[in-house]
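The values are calculated or read from the model by the stated rules, or taken from the named source; none is laboratory data. This is a predicted model, so every value here is computed, not measured. Neighbour counts run over all protein chains shown; Cβ positions are idealised from the backbone, glycine included.
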Amino acid sequence: MKAKSTGRCTACGGSGEYKGRGEVVNGVFKGFVGTCFHCIGKGYTTTEDDRRNTYYWTKGAGSKLHLV
Ligand SMILES: [Zn+2]
């Protein structure tokens, strides 16, 4: 069964890439790049992803982070 997309991933903007600490040098991002955890690299989220992310930010590890 194919998961239904619920829209473009808000965490990575649809690239599927997570960009961590780093800087943009001459227009090229230099730094940590990995698979976006929000959409697992798909670039869009599904209801399954939404459920997981909601849990993550409300009850999981994300809720313990102090994001500025
Ligand atoms: Zn993403």
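Condition first: under 22 Å from A61 (Cβ atoms) and either in a loop (DSSP other than H, G, I, E, B) or of a type in the set (S, T, N, Q) (or both). Now tell me which residues in segment 32-46 satisfy that.
Passing the criteria: T35, C36, F37, H38, C39, I40, G41, K42, T45, T46.
Modelled with pLDDT of 90 or more and loosely packed, with under 15 Cβ neighbours inside 10 Å, is that true of Y55?
yes
Looking only at segment 4-14, decide whether some residue is among the small types (G, A, S), more than 8 Å from the ligand (Cβ to nearest atom) and at pLDDT 90 or above.
The answer is yes; a qualifying residue exists.
Give the residues of segment 1-31 that are in a strand (DSSP E or B) and of a type outside the set (D, E, K, R), sorted by residue number.
Selection gives S5, T6, G7, Y18, G20, G22, V24, V25, V28, F29, G31.
Going through segment 14-31 one residue at a time, which ones are more than 23 Å from G60 (Cα to Cα) and loosely packed, with under 15 Cβ neighbours inside 10 Å?
Those that are more than 23 Å from G60 (Cα to Cα) and loosely packed, with under 15 Cβ neighbours inside 10 Å: G22, E23, V24, V25, N26, G27, V28, F29, K30, G31.
Six or more apart or on different chains, Cβ atoms under 6 Å: show the pairs whose first residue is in segment 1-23 and within 14 Å of T46 (Cβ to Cβ) and whose second is away from the ligand (no atom under 14 Å from the Cβ).
Every condition considered, the pairs that remain are T6/T47.
Taking segment 15-28, which residues are within 15 Å of the ligand (Cβ to nearest atom), on the phi < 0 side of the Ramachandran plot and not hydroxyl-bearing (S, T, Y)?
E17, K19, G20
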